[in-house]
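Here the structure is laid out as structure tokens; the discussion comes afterwards.
No value in this document is a laboratory result; all are computed from the given coordinates. No experiment lies behind these values; they were computed from the predicted model shown. Don't worry about glycine lacking a Cβ; one is built from the backbone with ideal geometry, like all the others, and counts go over all protein chains shown.
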């Protein structure tokens with residue numbers, strides 16, 4: 001009986017992984033400036049998250065607290081998505097970061113590492129893009 005819950009969790013994680021990978025591929029095919037804006041969105045979402053949590057403390061938090069953080073990041077994403085111009089692209093970084101939070105909540109170490117690798121990729125582009133414009 002309990003195997004049914006595990007199967008559903010596995011299906012949800014597979015869906016999350018596929019959505020994340022699809023979004024990452026779309027972003028990687030866009031111009032570098034857009035990728036840098038996505039990276040800046042990730043950096044901003046991460047800075048907000050780290051004001052309250054570490055990865056370990058987030059995993060240890062009650063589900064209701066985890067969901068409040070996910071909802072907060074989603075609210076920020078939605079707010080940016082309503083803006084005009086390039087700032088709107090930052091919302092994609094928030095969306096990717098929220099998917100990483102979902103991976104953290106699932107406690108799937110492989111999924112977390114995969115997502116972290118991609119987030120780091122875009123954050124590095126943002127940092128190098130910023131450095132090149134200085």
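If I compute Cα extents along the principal axes in Å from the structure I just sent, which labelled value in [x] 57, 30, 26; [y] 54, 24, 22; [z] 42, 39, 26 lines up?
Derived directly from the coordinates: [x].
Taking the Cα atoms only, what angle lies between the long axis of helix 63-81 and the longest principal axis of the chain, rounded to 10 degrees?
So the helix axis and the longest Cα principal axis differ by about 30 degrees.
For 73, 42, what's the fewest-to-most ordering of other Cβ within 10 Å of each Cβ?
Ranked by crowding around the Cβ, least crowded first: 73, 42.
Set the Förster radius R0 to 30 Å, insert the Cβ-Cβ distance between residue 87 and residue 22 as r into 1/(1 + (r/R0)^6), and round the FRET efficiency to 0.05. Could the numbers behind the result be given before it?
Working: r = 23 Å, r/R0 = 0.78.
After rounding, the FRET efficiency stands at 0.80.
Under a crude label model (7 Å from the Cα following the beta-carbon direction), how far is residue 116 from residue 31 in nanometres?
Those two pseudo-labels are separated by 3.4 nm.
Calculate, in nm to one decimal, what residue 60 and residue 72 gain on full extension: separation in residues at 0.36 nm each, minus their alpha carbon distance.
Gain on stretching residue 60 to residue 72: 2.5 nm.
Assuming a ≥ b ≥ c are the square roots of the Cα gyration tensor eigenvalues, decide whether the stretch 54-104 counts as rounded (a/c under 1.5), prolate (otherwise, with a/b larger than b/c) or oblate. Provide the component values of the computation, followed by the final result.
Numbers: a/c = 3.83, a/b = 2.35, b/c = 1.63.
Because a/c hits 1.5 or more and a/b exceeds b/c, the stretch 54-104 counts as prolate.
Note down the relative contact order for the chain as a percent, whole number, built from C-alpha pairs under 8 angstrom at least six residues apart.
Once normalised by length, the contact order is 37 percent.
Between the helical axis of 32-50 and the dominant principal axis of the chain, each derived from Cα atoms, what acute angle in degrees is found, rounded to the nearest 10?
Roughly 50 degrees, rounded to the nearest 10.
What angle, in degrees between 0 and 90 and rounded to the nearest 10, separates the Cα long axis of helix 90-106 from the longest principal axis of the Cα atoms of the chain?
20
Top mean-square fluctuation among 102, 44, 33, Gaussian network model of the chain, C-alpha springs under 10 Å?
Highest fluctuation of the listed residues: 33.
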